[in-house]
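The values are calculated or read from the model by the stated rules, or taken from the named source; none is laboratory data. Remember, predicted model here, so these are calculated numbers, not experimental data. Every residue, glycine as well, gets a Cβ built from its backbone with ideal geometry; the counts of neighbours run over all protein chains shown. Ligands, DNA and RNA are stripped out before the accessible areas are found, and what is left, the full protein with its side chains, is counted by its heavy atoms. Shrake-Rupley method; radii C 1.70, N 1.55, O 1.52, S 1.80 Å.
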Amino acid sequence: GGPQAVIDDEQAVVVANLNLDAGKKAMSMSDFFSAHRYFNHGISYLRSGHWNKQYDVSLELFNLAAACALMNAEHERLKMLTGEVIRHAKCFEDKFRAICISINLLFWSSKLPDAIQLVNSNLSSLGEELPVAVTQSAIHYQLDHTKTLLAGLSDETLLSFPAMSTSSKIMAMELFSKQLTNYMFIGDRNAMPIIPLKMVQTSLTYGMSPLSGVGFALFGNYLALVKGEVEEGYRYVKIALSLMKRMPSIAHDSEIMYYSAHTRLRVEPIQSANEHYIVAHRGAMASGAVRFAFACAFVYDNISFWAGKKLGLVVNSIKETMKQMIFYKNLV
């Protein structure tokens, strides 16, 4: 049995596609171990020259197998898969998913300076630059510029902006989001405000993307929790949540809910606002953003204690979080 038993090339492609479909179904149920087996099995049916003859199915199988390898902490397999994609992809856009997975691997491996450098180099390829050293004057300039762009725009106007269609800007938004996470975990609080300001500016210039909600949520947090402009910050947090409903995305909705909850804790009752973190946790697990999911669970468990939740329930929740973190070999 197996690939050796299939003589006909067309039949081999059919089997590869069947494994691709089965892997996608397993991923939709968050069964990344089974999904990885299906994708690898599908790859084994690809014949010599498949990057020329079956480019689309090859690209999808290798990308999805790499995503599952990241989830399953199979890092050497991941490097091989992403390396193949980057070598054979026909354009930058086709390489982009493998690049993002490579950035995630560096992040998960705590190689944050390398992750930051890889993001910056790819942003440069897209015509975007982030300052190497962020000063307070640079932040004030970008904040004033962002407020100028937003001046006079009602909530209705912002929510009716067209969708972002320029592929280079869509990819840049993804990289901005990843760089923000890198800055958060490396503890570079000085650089962090630049990211949401750039994301909001890009959205106002090129249209809204599923990640625009992340930018507006973070911008709202900066205004409410850092600058003390609580009412204005809460307004942009609510705009972020409305954008999420308008442009739903399995990959990014949990981020919007998580970041929005920070300011909601300041404005809304703590017990109800805290529940948004656990909703974000479930969404992140479903999308494969495991480390982000555990950050949500960590915040939820801590706030549950201070919000007066029954201690036994808090302890059980913490134990479940730790159990999942050990299972996925992922510690916050």
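Descriptive notes on the structure:
- Any hit, segment 108-115, residues being modelled with pLDDT under 95 and touching a Gly at 6+ places or on another chain (Cβ under 8 Å): no
- Only one of H262, H281 that is in contact with a helix residue (DSSP H, G or I) (Cβ under 7 Å, 6 or more places away or on another chain) and farther than 24 Å from V134 by Cα: H281
Here is a yes/no grid of residues against (1) open to solvent by 40 Å² or more (accessible area, probe 1.4 Å); (2) in contact with a Lys or Arg (Cβ under 9 Å, 6 or more places away or on another chain); (3) under 17 Å from L159 (Cα atoms); (4) in contact (Cβ under 8 Å) with a residue 60 or more places away in the chain:
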site: S209; (1), (2), (3), (4): no, yes, yes, no
site: L223; (1), (2), (3), (4): no, yes, no, no
site: R235; (1), (2), (3), (4): yes, no, yes, yes
site: P248; (1), (2), (3), (4): yes, no, yes, no
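- Every residue from segment 6-27 that is in contact (Cβ under 8 Å) with a residue 24 or more places away in the chain and either among the hydroxyl-bearing types (S, T, Y) or assigned to a helix (DSSP H, G or I) (or both): D9, A12, V13, V15, A16, N17, L18, N19, L20, G23, K24, M27
- Residues in segment 287-332 that are open to solvent by 50 Å² or more (accessible area, probe 1.4 Å) and under 21 Å from K178 (Cα atoms): F298, K329, L331, V332.
- Considering segment 72-127, the residues that are charged (D, E, K, R) and either in contact with a Leu (Cβ under 7 Å, 6 or more places away or on another chain) or not in a helix (DSSP H, G or I) (or both) include one that is most open to solvent (accessible area, probe 1.4 Å), namely K90.
- Residues of segment 44-58 include none that is at pLDDT 90 or above, closer than 20 Å to I250 by Cα and out of contact with any Leu (no Cβ under 9 Å at 6 or more places or on another chain).
- Candidates M244, M257, filtered to the one that is crowded, with 24+ Cβ neighbours inside 10 Å, assigned to a helix (DSSP H, G or I) and either under 16 Å from the mean Cα position of the chain (by Cα) or without any contact (Cβ under 8 Å) to a residue 60 or more places away in the chain (or both): M257
- Test: residue in segment 96-107 that is of a type in the set (K, R) and more than 17 Å from the chain's Cα centre (by Cα): no
- Qualifying position, being closer than 17 Å to F39 by Cβ, free of Cβ contacts under 8 Å to residues at least 60 places away in the same chain and touching a helix residue (DSSP H, G or I) at 6+ places or on another chain (Cβ under 9 Å), among L118, L64, L126, L106: L64
- Residue in segment 310-317 that is small (G, A, S), over 23 Å from A35 (Cβ atoms) and free of Cβ contacts under 8 Å to residues at least 12 places away in the same chain present: yes
- Which listed residue is open to solvent by 30 Å² or more (accessible area, probe 1.4 Å) and over 20 Å from Y234 (Cβ atoms), from K147, K198, K169: K198
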